[in-house]
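These notes concern the structure reproduced below.
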There are 2 protein chains.
Amino acid sequence: MFRLIPLKGSIENLENFFCGGVKAGLKEQDYDVGFIYSKKICSVAAIFTENRFKAAPLIDFERRGVTKSNFLLVNSKNANALTGEEGIEDIQTIYRALHKKFEHIHEPIMSSTGVIGVRLPLEKIERAIDGIDLSKRNSLSFARAIMTTDSYPKMVAFEVITDNGSFKIAGVAKGAGMIDPSMATMLAFIVTDASIEDKEMKPLLKECAKTTFNAISVDGDRSTNDTVLLFSDKSSNVYEKEAFRFALERVMHELALMIVRDGEGATKVAAFDITGAKNDLEAQIAAKALSNSLLVKTALFGEDPNWGRIASTIGACGIECYPERLKISFEDVTVYDRGKILFDSQREKAAHNVMKRSEFTIKCDLGVGKGSFRAYGCDLGYDYVKINAEYRT
Amino acid sequence: MFRLIPLKGSIENLENFFCGGVKAGLKEQDYDVGFIYSKKICSVAAIFTENRFKAAPLIDFERRGVTKSNFLLVNSKNANALTGEEGIEDIQTIYRALHKKFEHIHEPIMSSTGVIGVRLPLEKIERAIDGIDLSKRNSLSFARAIMTTDSYPKMVAFEVITDNGSFKIAGVAKGAGMIDPSMATMLAFIVTDASIEDKEMKPLLKECAKTTFNAISVDGDRSTNDTVLLFSDKSSNVYEKEAFRFALERVMHELALMIVRDGEGATKVAAFDITGAKNDLEAQIAAKALSNSLLVKTALFGEDPNWGRIASTIGACGIECYPERLKISFEDVTVYDRGKILFDSQREKAAHNVMKRSEFTIKCDLGVGKGSFRAYGCDLGYDYVKINAEYRT
């Protein structure tokens, strides 16, 4: 038995953790370099993008084989991607500056997000390091520092009460554009004091990513920098696997939904609930095809219950399906039922009303097998085009 | 030896073929039902969508196993898709009306495009049949009748002069939204008097589709209705395989480019030229990933030479590639060369100038093998959203 208590703020709820943002002048106004510091050395696990062109900080982490650390530095506005060995060397330069300034730092980790193919502005970042105050507990300024086209900071925290005591878990993320089924340009940093075993950290992260960060979609791209990092200082001395798994998935789920809600220009979020697929994989393919379809996304924006586009997208995604077995509903309004078109003017209006909500579920039962998957997607409106056509220049 | 002479108009250039559009009231103003009629019975070959939910006219064609025909009827505004057996029966009703009115009709073929999941308005179409004049030679009104969100009619015709005499080939197509690598909501009807052998027709159509209709992308969907039909009355008594293959590919290529230029809201077309891939299939995957990427499409719209998005998309598409072998150029302006970033302010300006053109090539050499593919894509701007959010309601 366990229960979750939501906490205000995020990382500052954990006794040994400190965090904050500084202004390095990478952004015109806001915080752009953030840090997380732990008094105790933490066990660390990471999952990264599947993009073949991993950014320098990811390569650096993997080359060093980091498993223990107590310091994370994140910058926005520059991805340090496609920068080759020079990009890795820039990170070493930053680590040297960190060690010079702070003697307690053990195996620092760097993370970056922003434009691809431009060298890091080292002077600015080194000046930012001078401005870091390790006694700060300000996850809001940290969350703002890692934002790119995000319109609001994303953070969450829970205390988990179990029969054997309590532990805490907190997370901060950034997302917005380029979010895709495969966890694209998103960063998420999760800290906990649960005494999870080192060897369980990465498998649990992977397992929970499947239904959370890997189930969301803004525009179907996956970036060079996607990262989820989990730090545990184990100071609570409490660990119950089921409770921890539940809490970790909940933290990742909430952050993922914040990301998709904040998709560039998004005005609403749809859950695409596929059931009755041949297997879970085929359900996942269909759910992601729907959440990535431009025609479906623009129909969401127009609040148009255009179920034909939904059916057509399912038919096009290569999975086993038959018109005489397919069923499509907007929440509980069924518009197509195994070969029968139920979409009259009354149901059209009811489905349209469902789509007026900011969050709703589109259900598709394929009637083939027992596979299921739920993916989350946002609509695509004028602002998506505005943000992405004008992003860099 | 052979040469192609472009002809004005389209189908009317072929002696035995007649065509035109009528107004059935499916559209508010314009032609919405079109026909092609041949005095001689033609050999017919077709390729259809890969969507699992094929529309009724496609199922009807396949069930009947049509190989000879002299009449095609096309309606717009209604796809007759996801309409089950009733949709097929509606087509039979239309065929009966056709046979009743015209005694010369042999094995008529129907084709539809428009909204999915609504029964055909039979009365209107039957009234349209009454208005058909088989002596018309008006491919412009036919081309307009098959348009949906197309902003202009698409047609082409050539005379092909060979050492052994000449033949003609002409085509009409519709496209706009939903165009995808796999030939999505597009219809193309091609007629020729070349004496091509029946058994060669379908393989040639398939072969030519690969580099034409299957290489274009507007929004990555593939519809329930995609159709390419080839009619040959063989009246020229001339057939040279190489000349015919060349002319057929040219007709399909020109129609495909007209379709992508007229992508919903498109302002420009980019050719994505992949070379040096492990094999042609991997080149195709990369080229199509680029032509379908929302981030690339919005960068095209913004005339932003954001080569990082191009690299990231290639890295994400699952093919073999390495940053230290990749080369990216906008026409002849190379911005990234096997690990070296050449993108300074001068090249940025030069690449931006390339992107100001209405058509240009983005070249990516992967430096892995000898595979190559060229895909065509259009940009995505505000008007795409406008057209697709407001399409049905």
- Sequence neighbours fewer than 8 away in the same chain don't count; with that in mind, list the aspartates and glutamates whose C-alpha is under 12 Å from B:Lys206. B:Glu249
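To the nearest whole number, what is the average tally of beta carbon atoms from other chains within 10 Å of the beta carbons of peptide A:310-323? Let's see the in-between values first.
Numbers: counts 2, 8, 18, 6, 3, 12, 15, 3, 4, 1, 1, 2, 2, 10.
Per residue, the number of nearby Cβ atoms from other chains is 6 on average.
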- Note on the structure: Distance in nm between A:Ser151 and A:Glu103 label points, each 7 Å along Cα→Cβ, equals 4.9
- Task: Taking only Cα atoms and a 10 Å spring cutoff, compute GNM fluctuations for chain B and point out the largest among B:Glu348, B:Glu85, B:Glu126.
- Result: B:Glu85
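At R0 = 60 Å, how high is the FRET efficiency between B:Tyr382 and B:Thr93 if r is their beta carbon distance? Nearest 0.05 is fine.
Working: r = 42 Å, r/R0 = 0.70.
Approximately 0.90, to the nearest 0.05.
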- Which three extents, in whole angstrom, do the alpha-carbon atoms of region A:156-315 cover along their principal axes, largest first? 54, 33, 27
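Normalised by the residues of region B:2-259, what does the relative contact order come to in percent, with Cα pairs under 8 Å and at least six apart? Walk me through the numbers before you get to the answer.
Values: 673 pairs, mean separation 66.6, N = 258.
Value for region B:2-259: 26 percent.
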- Query: Using a label position 7 Å from Cα in the Cα→Cβ direction, what is the ascending list of nm distances from B:Gly318 to the same site in the other copies?
  - Reply: 0.5
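Can you order the peptides A:356-368, A:241-253 by their average number of other Cβ atoms within 10 Å per residue, highest first?
Details: A:356-368: 17.2, A:241-253: 19.8.
Averaged packing, sorted descending, gives the order A:241-253, A:356-368.
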- Task: Using only Cα atoms, find the angle between the long axis of helix A:241-261 and the longest principal axis of chain A, and express it within 0 to 90 degrees, rounded to the nearest 10.
- Result: 70
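What translational diffusion coefficient, in µm²/s and rounded to a whole number, does the Stokes-Einstein relation yield for region B:279-393 at 37 °C and a viscosity of 0.692 mPa s, taking the hydrodynamic radius as the Kirkwood radius over Cα pairs? Kindly include the intermediate steps, with their values, before the conclusion.
Details: Rh = 14.8 Å.
Stokes-Einstein gives a translational diffusion coefficient of 222 µm²/s.
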- Is there a simple number for the mean count of other chain Cβ atoms within 10 Å of the Cβ of residues in B:80-90, and what is it? 3
- May I ask you to list the aspartates and glutamates whose Cα is less than 13 Å away from that of A:Lys100, ignoring any residue fewer than eight positions away on the same chain? A:Glu126, A:Asp130
- Task: Report, in degrees rounded to the nearest 10, the 0 to 90 angle that the Cα long axis of helix A:198-211 makes with the longest principal axis of chain A.
- Result: 30
- Considering only the label points, 7 Å along Cα→Cβ from Cα, what distances in nm to one decimal separate A:Val66 from the same position in each other copy, shortest first? 6.3
- Message: Treating the point 7 Å from Cα along Cα-beta-carbon as the label, what are the nm separations from A:Glu28 to the other copies, to one decimal?
- Response: 4.1
- Note on the structure: For B:Asp226, other-chain or 5+-apart residues with amide H closer than 5 Å (H placed, Pro excluded) are B:Thr49, B:Thr185, B:Met186
- Note on the structure: Output field shielding_mean for B:47-54 (other chain Cβ, 10 Å radius) holds 5
- Message: Normalised by the empirical 2.2 N^0.38 Å for globular proteins, what value does the Cα Rg of region B:2-259 take?
- Response: 0.92
- A chain fully extended from B:Glu28 to B:Lys8 at 0.36 nm per residue, minus the present Cα-Cα distance, gains in nm 4.3 nm
- Query: If we count every other residue with Cβ under 10 angstrom of B:Asp198's Cβ, Lys/Arg +1 and Asp/Glu -1, where does the sum land?
  - Reply: +2
- Item | Least to most buried among B:Ser10, A:Ser195 (fewest other Cβ within 10 Å first) | A:Ser195, B:Ser10
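Pairs of Cα atoms under 8 Å, at least six residues apart: use those to get the relative contact order of region B:29-155, whole percent. Walk me through the intermediate numbers first.
Details: 207 pairs, mean separation 43.1, N = 127.
Averaging sequence separation for qualifying contacts and normalising by length gives 34 percent for region B:29-155.
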- Zone of A:Asp133's modelled label, taken as backbone nitrogen in region A:10-45 under 15 Å from a point 7 Å along Cα→Cβ: A:18-23, A:35
- Taking only the alpha carbons of the protein assembly as shown, what extent do you get along each of the three principal axes, in Å, biggest first? 93, 57, 39
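Values in this text are rule-based calculations from the coordinates and carry no lab data. Fair warning: this is a prediction, and the values are worked out from it, not measured in the lab. Don't worry about glycine lacking a Cβ; one is built from the backbone with ideal geometry, like all the others, and counts go over all protein chains shown.
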